[in-house]
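This report refers to the structure that appears directly beneath it.
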Amino acid sequence: MQFIKEHTSLPVPQVFAYEFDENNSVGAAFILMELLPGSVAIDALGGYEAHRGVIPKEHRQNFYRTVAKCHVQLTSLRLPKIGTIVRNSEGGYVCGPLPGIGGPFDTATAFFEAWADSVKFKWDKETITRMMQRGPVPAEQIVAIIEDFPSQIKAIASRLSLCDEGPFPLAHDDFLHSNIMVDEETFDVTGIIDWEGACTVPYELVAFPDFLTAMPVSFDLPQKYDRDGQPFDEELRETWRERGEYIEMVKLVELQDSVLSACLSCKRNQAIAYSYGAYTSVGKLGFYDRVMIEL
């Protein structure tokens with residue numbers, strides 16, 4: 001967080017002291033940090049019980065605008081390698097290894113190859129089979145798709161990224177309204193928390209905030225879309241509209257370059273970002289093979 005505080009005006013808490021070793025005078029690991037004003041957005045105005053975890057419509061536009069300003073600043077922070085942010089002995093900042101993957105990586109190719117070699121899907125074959133007992137496609141087909149995805153990524157790793165070398169942008173790995181604090185009257189962003197997993201990433205993994213996540217059409221069941229590729233579900237249609245509006249908000253505040261809006265506007269990039277997150281973190285069952293065909 002100190003790196004972010006020193007290089008941007010993003011509202012992140014100042015850390016006063018921390019200790020990871022339990023053998024201290026307190027008797028437990030701790031972190032002492034600044035109390036930020038406002039409330040976590042997902043808990044504001046009555047919380048989940050009042051609005052089911054969704055930002056109230058009357059506050060969305062202003063919330064999205066202020067999040068976009070933060071997002072642009074976040075993406076403008078770039079380092080030569082892909083990895084976590086660590087402080088070196090000279091007091092500067094360098095990239096360190098990514099948990100479970102390794103690194104730091106000089107190229108996007110090296111990152112995707114290492115990811116493919118190390119990633120483990122959340123569910124095993126037996127669990128997937130149970131989950132797909134009444135599914136629209138045979139369980140064996142989904143199991144094969146999931147098992148093949150990492151090797152397919154590795155096979156095209158050298159041409160997966162359109163910008164193989166750095167500098168690479170910083171990303172918050174859980175950029176969700178449960179980690180964004182707001183003023184409850186205006187829904188202006190007052191703080192961003194939970195930076196534990198922040199790291200630099202390939203440009204293909206620069207994604208929308210999680211509250212604007214949408215599954216690529218190729219990943220989903222085709223019967224959910226009309227002949228023009230538009231979703232039948234009205235909530236998804238609304239998300240698509242809001243994603244377009246968010247891109248325009250980003251463009252209005254981009255000063256250094258248009259990297260963020262370009263990444264968000266690129267369907268190929270967003271298909272990669274979604275599939276990566278769905279496989280790595282969520283354990284989402286879907287048509288990864290169809291996404292690969294489009295790459």
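So, Leu221, is that one modelled with pLDDT of 95 or more, more than 27 Å from Arg159 (Cβ to Cβ) and surrounded by 13 or more Cβ atoms within 10 Å (Cβ to Cβ) or not? Taking the combined requirement at face value, the residue does not satisfy it.
For the stretch 13-29, a residue qualifies if it is outside any loop (DSSP other than H, G, I, E, B) and among the β-branched types (Val, Ile, Thr), and exactly one does: Val15.
Just one residue in the set Val86, Val40 is surrounded by fewer than 20 Cβ atoms within 10 Å (Cβ to Cβ) and closer than 30 Å to Phe111 by Cα; that residue is Val86. Whenever a residue of the stretch 30-55 is outside any loop (DSSP other than H, G, I, E, B), its partners that are among the aromatic types (Phe, Trp, Tyr) and at pLDDT 95 or above, lying with C-beta atoms within less than 8 angstrom and at least six residues away or across chains, give the pairs Ala41/Phe63; Ala41/Phe187; Ala44/Phe187.
The rows are residues; the columns are (1) within 15 Å of His177 (Cα to Cα); (2) at pLDDT 90 or above.
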position	(1), (2)
Phe3	no, yes
Phe16	no, no
Ala41	yes, yes
Tyr64	yes, yes
Ser76	no, yes
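Among residues of the stretch 90-112 that are without any contact (Cβ under 8 Å) to a residue 40 or more places away in the chain, those with a beta-carbon under 7 Å from a residue that is exposed (fewer than 15 other Cβ atoms within 10 Å of the Cβ) and of a type in the set (Gly, Ala, Ser) at least six positions away or on a different chain give the pairs Gly100/Ser118; Ile101/Ser118. Looking at the stretch 86-108, is at least one residue modelled with pLDDT of 95 or more, part of a helix (DSSP H, G or I) and either farther than 22 Å from Lys154 by Cα or acidic (Asp, Glu) (or both)? The answer is no, given that none of the residues of the stretch 86-108 is modelled with pLDDT of 95 or more, part of a helix (DSSP H, G or I) and either farther than 22 Å from Lys154 by Cα or acidic (Asp, Glu) (or both).
The values are calculated or read from the model by the stated rules, or taken from the named source; none is laboratory data. These figures come from a predicted structure and were not determined experimentally. Backbone-built Cβ (ideal geometry, glycine too); neighbour counts: all protein chains shown.
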